[in-house]
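Undergrad: Take a look at this one; I'll ask things after.
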Amino acid sequence: MFEELVKTYTFKKGMPNQRFTFVPHPITGLPAATCRRFLQGNDPVTGKPVLDEIVAALTLPLSAEDSKKGFIERPTPRMVPPDTEENLHRLFLENQWTDGLPIVLPTEARVAEMLKGTSHAPDEPVGKMQPSSPHEAWNYDVERVAVNAVMAGARPEHLPVILALASTGVPSLYTSTTSFARMVVVNGPIRNELRMNAGIGALGPFNQANSVIGRAWTLMSINLSASGKAGETYMGSQGNNYNYNNLCMPENEEELPEGWKPFHVQLGYKPGESVVSTFNGWGFIHPDQSFGKPFHTQIPFWLKFVSPFSPAMLLLDPTIIHQLKEREGFDSKEQLIEWIHKNTKVSVGDWLDNFYSVQNFVHPVGRRGVEPFASWLKLPREEMIPQIASPDNIHILSVGGGTNLFWQAGDFGHVSSASVDKWR
Amino acid sequence: MKKRMSLRLVLGFAAAAVLAGAGRAQEPKFTVHNPLGQPPAIARVPMAPRIDSLEGKTIYIVDIGFTDTHQFFTEMRDLLGAKYPETEWVVRTKIGTYFDDDPALWAEIKEKGHGMIMGIGH
């Protein structure tokens, strides 16, 4: 299953003939006898004995091709050769230039019309994007972003938000075997200019701007960074349905009570600036709640499932936010975040034993002396430590139309933000 | 009678084929933009020279540190050691997570090793 990834990856790194031996997957947690069986068996790709292949890789002489230097150029033509509408739709689908849903063909006229949505020149560089940090980054300009915006069904007035998203260089399809989701949140006046929906059904398929901006991000990820090629630049075992639209939503700023800042203002932007922000995580759930008790004391229970390596995000309906402020005394998001950080705890024993991410990521970092993990690793197993390592990793967003005291909790963390106004 | 039927059928097919061909010819063609970004040029990297024999050599086996995979690499060392006893097989775990570089280990391998097997996966 990793053959294509390995071959294409080493090709892009300049060693198309790099030597590999495969064994059955996975190898984590295997007893010694199974490890030996895999190593004494055959490579499932080539059918040859694993140990012999390893030795051959070390000792067989290099070919002239193996020692080559120089560059392999891969220019991208600006236009696709002319063809009928039906054939072009088939071409885009077969080349995996779409998300599998019908697209709007990016004709010259449609792209020219889309480009009216920004004052920036078509050939102005926008950024670079890559499926994940080890992969190569591709470049793109304003025109290529506009092409993908047309394909997503966007209108010229949506283009500044889509360009701002593209300028972050963050793909919506982040490759990992764990099937990440990504999220896009819009703040500031542009939300209302585009008539985005932050109210009833904000996260559902009920609003053109919410729909097409989120979809454009995925099409850009597929086409501007070559993300999302299953088996090559996308390895998520199950995939993530959120990737179709990336939970695209505006924050419901109008319903925030006094003292509760919109997300972009928390970051230091002015309230009148329009900003797009991206987040990374896996999913949201809605654990049950008790209406008869204060909400804030239930939040640590809601967040029990969140990995200590991950951030935490709460999507709160404005009705809950008003209750938190008016009945429970939280005058700002920051005050509630501090309370959550102090009161959501996990025992050191659970932290060490029950979270793969702690074993895989936190443990090696702590062993190198990085705080607070280094100190936490020395504590007795019964000691309680914060489940979310830092208050900076806790996010609260206002969304919803007030039809229920509804909320969702997830493991999304902030990745990047960019000015929309810069791309008008 | 049979002959007339066959002739009519052939003429019918021919007419249908001409009409279909005309339909295709009239179908408009469009020029559309290529949606792809620009990949960078690939800089070829010559592969490291190979050794002609394992005898008397030191080969490093590098564990990139994925959870619970170290056993696999120690078993690899033991099996290769049994099969090639004249070779020194050294298992080392790269520092940090698999995101982290380990220049000190690479320097050590360049200085003391004759080859390296990098274990990637989980």
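Undergrad: Using alpha-carbon positions, what is the distance between the centroids of segment A:48-119 and segment A:204-260, in Å?
TA: Using only Cα atoms to place each centre, the spacing works out to 23 Å.
Undergrad: Enumerate the whole-percent occupancy of each 20 Å bin, from 0 to the last occupied one, for all C-alpha pair distances of the protein assembly as shown.
TA: Cα pair-distance distribution for the protein assembly as shown, in percent: 18, 42, 31, 8, 1, 0.
Undergrad: Same structure again: What average number of partner chain Cβ atoms lie no more than 10 Å from the Cβ of the residues making up A:127-135? Don't jump to the answer; show the numbers that get you there.
TA: Working: counts 1, 3, 1, 0, 0, 0, 1, 2, 0.
Taking all residues of A:127-135 together, the mean is 1.
Undergrad: Using Cβ counts within 10 Å as a stand-in for footprinting exposure, how do A:LEU379, A:LEU60 rank, fewest first? All intermediate terms of the calculation are to be shown ahead of the outcome.
TA: Details: A:LEU379 15, A:LEU60 12.
The order, fewest Cβ neighbours first, is A:LEU60, A:LEU379.
Undergrad: Output ³J(HN,Hα) for segment A:52-69: one whole-Hz value per residue in order, computed from phi by the Karplus curve 6.51 cos²θ - 1.76 cosθ + 1.60 with θ = phi - 60°, and x for Gly and Pro.
TA: Calculated HN-Hα couplings, in order: 5, 5, 4, 5, 4, 4, 7, 10, 5, x, 6, 8, 4, 4, 5, 9, 5, 10 Hz.
Undergrad: What is the set of long-range amide H partners of A:VAL126 at a cut-off below 5 Å, with H atoms built 1.01 Å from backbone N?
TA: A:TYR140, A:ASP141, A:VAL142
Undergrad: Pairs of alpha-carbon atoms within less than 8 angstrom and 6+ residues apart define the contacts here; what relative contact order does segment B:58-119 have, in percent?
TA: In percent, rounded to a whole number, it is 53.
Undergrad: In sequence order, what are the phi-derived ³J(HN,Hα) couplings for segment A:321-332 according to the Karplus relation 6.51 cos²θ - 1.76 cosθ + 1.60 with θ = phi - 60°, rounded to whole Hz, with x for glycine and proline?
TA: 3J(HN,Hα) across segment A:321-332, in whole Hz: 4, 5, 5, 4, 7, 7, 9, 10, x, 8, 8, 7.
Undergrad: Next question, about the same structure. What does the structure give for B:78-87 when I average, per residue, the other chain Cβ atoms found within 10 Å of the residue Cβ? Present the calculation step by step, with values, prior to reporting the outcome.
TA: Values: counts 4, 7, 4, 0, 0, 4, 2, 0, 0, 2.
Mean shielding by partner chains, rounded to a whole number: 2.
Undergrad: Taking beta carbons within 10 Å but only from partner chains, what does the mean come to for residues A:67-73? Intermediate results must be reported in sequence, preceding the final value.
TA: On the way: counts 6, 4, 4, 4, 5, 6, 4.
Across A:67-73, the average partner-chain Cβ count within 10 Å equals 5.
Undergrad: While we're on this one: Over 10 Å intervals from 0, what percent of Cα-Cα pairs in segment A:293-424 sits in each interval?
TA: 12, 38, 29, 17, 4, 0
Undergrad: At a 10 angstrom cut-off on C-beta neighbours, averaged per residue, how do the peptides A:180-188, A:381-389 rank from highest to lowest? Display every interim value, and only then the final one.
TA: Values: A:180-188: 25.8, A:381-389: 16.3.
Ranking, from highest mean packing down: A:180-188, A:381-389.
Undergrad: I would also like to ask the following. Determine how many Å³ per residue the convex hull of the Cα atoms of segment A:1-118 encloses.
TA: Working: hull volume 25.6 nm³, N = 118.
Per residue, the Cα convex hull of segment A:1-118 comes to 217 Å³.
Undergrad: Let me ask something else about it. Cβ neighbours within 10 Å, averaged per peptide: list A:409-417, A:78-86 in order, most packed at the top. Intermediate values should be presented prior to the final figure.
TA: Numbers: A:409-417: 20.7, A:78-86: 13.0.
With the highest mean Cβ count within 10 Å placed first, the list reads A:409-417, A:78-86.
Undergrad: How long, wide and thick is segment A:337-393, going by the Cα atoms along their three principal axes, in whole angstroms, largest first?
TA: 28, 22, 19
Undergrad: May I ask you to work out the translational diffusion coefficient for segment B:58-119 at 37 °C, viscosity 0.692 mPa s, via Stokes-Einstein with Rh from the Kirkwood sum over Cα pairs, reported in whole µm²/s?
TA: Working: Rh = 12.0 Å.
Answer, rounded: 274 µm²/s.
Undergrad: So what is the 222 nm mean residue ellipticity for the protein assembly as shown from helices alone, if each DSSP H run of at least 4 adds -39500 (n - 2.57) and you divide by all residues, rounding to the nearest 500 deg cm²/dmol?
TA: On the way: 19 runs with 179 residues, N = 546.
That comes out to -9500 deg cm²/dmol.
Undergrad: Comparing A:ILE320, A:ILE337, A:ILE54, which has the greatest mean-square fluctuation in the GNM of chain A with Cα pairs linked when under 10 Å apart?
TA: A:ILE54
Quick note: the coordinates plus some simple rules give every number you see, no bench work behind them. Bear in mind that the values here come from a model prediction, so they are computed numbers and not experimental data. For neighbour counting, all protein chains shown are included, and Cβ atoms are generated from backbone atoms with ideal geometry for every residue, glycine included.
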